[in-house]
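Here's the structure we're looking at; comments come further down.
The values are calculated or read from the model by the stated rules, or taken from the named source; none is laboratory data. Computed from a predicted model, the values in this text were never measured in an experiment. Cβ sites come from the backbone with ideal geometry, for glycine too, and all protein chains shown count toward neighbours. Keep in mind that these areas ignore ligands, DNA and RNA; they rest on the heavy atoms of the full protein, side chains included. Shrake-Rupley method; radii C 1.70, N 1.55, O 1.52, S 1.80 Å.
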Amino acid sequence: MVKFAVICASNMNRSMEGHHQLKKHGYNIQSYGTGSLVRLPGPSANQPNIYEFGTPYTKIYSDLVSQNKGLYAKIGLLEMLERNQKVKLAPQKFHDEYDDFDVIFTCEERVFDAVCEELLNRTGMKSKPVHVVNVEIEDNHKEALVGGKTILELARLIVASKNLEQDMDEIIEDVQNRMPNNLLYMLAFY
């Protein structure tokens, strides 16, 4: 079974929507963030809510409800956290994860760069390939849903491939032509 990961900055919105969609369809999926901390919108642009990776989604949810339930319901954070609680316990940081994946989806170019750099720093000692695909997704709920569908379509084609190394460029081109998200691709090694 193909082993997938989906990664965004905070493991909250885009990566969790991708995780949710792939999990719902029975794929072997994990999700992570690459940021130093988990950041969520706060009462103003210069007052974000900041949490450590590993803080349970239930605790973040309770914290936001106690701060201002109306505000966080209105901007969709509570609904997002309800979804996240059904998928896994807490946001996880990619740099702390040493599991091997066959395919890693990232959700923005700077996350793609961070993941590729981390993989290069791990020195490729195992000589095991990992396909890293960036699906450019704006960080809002509507675009996360669209991006999750693009990730799902990529996963469907990847799993159907008989020779992924040979087919990957064609899969990327096919999905790029049919779906709205811009894609980047790199083959890396563990």
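Laid out as a table, the results:
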{"item": "Under 5 Å, built H, 5+ apart or other chain: amide partners of Phe53", "result": "Val38"}
{"item": "Gain on full stretching of the segment that runs from Leu89 to Asn163 - 0.36 nm per residue minus C-alpha separation", "result": "23.2 nm"}
{"item": "Gyration tensor (alpha-carbon) shape descriptor, the range 78-190, a/c threshold 1.5", "result": "oblate"}
{"item": "About the Cα centre, charge dipole magnitude for the range 35-190 (Lys/Arg +1, Asp/Glu -1 at Cβ), debye", "result": "740"}
{"item": "GNM flexibility winner over the chain from Glu118, Glu170, Glu138 (Cα, springs under 10 Å)", "result": "Glu170"}
{"item": "Modelled label reach - Asp174, point 7 Å along Cα→Cβ, the range 1-17 residues with backbone N closer than 20 Å", "result": "1-5"}
{"item": "Rg/Rh (Cα only; Kirkwood hydrodynamic radius) as it applies to the range 88-149", "result": "1.00"}
{"item": "J(HN,Hα) series, the range 96-105, from Karplus relation 6.51 cos²θ - 1.76 cosθ + 1.60, nearest Hz, glycine and proline x", "result": "9, 10, 10, 6, 9, 10, 7, 9, 10, 9"}
{"item": "The chain, accessible area per residue, ligands and nucleic acids excluded (1.4 Å, Å²)", "result": "50"}
{"item": "For the range 31-93 and the range 96-172, distance of Cα centres in Å", "result": "24"}
{"item": "The range 42-133 shape via C-alpha gyration tensor axes, a/c threshold 1.5", "result": "prolate"}
{"item": "Entries of Lys86/Lys162; Lys74/Lys142; Lys23/Lys93; Lys69/Lys149; Lys3/Lys128; Lys3/Lys162 with Cα pairs more than 22 Å apart", "result": "Lys86/Lys162; Lys69/Lys149"}
{"item": "Ratio of Rg to Rh over the range 1-63 (Cα coordinates, Kirkwood Rh, two decimals)", "result": "1.04"}
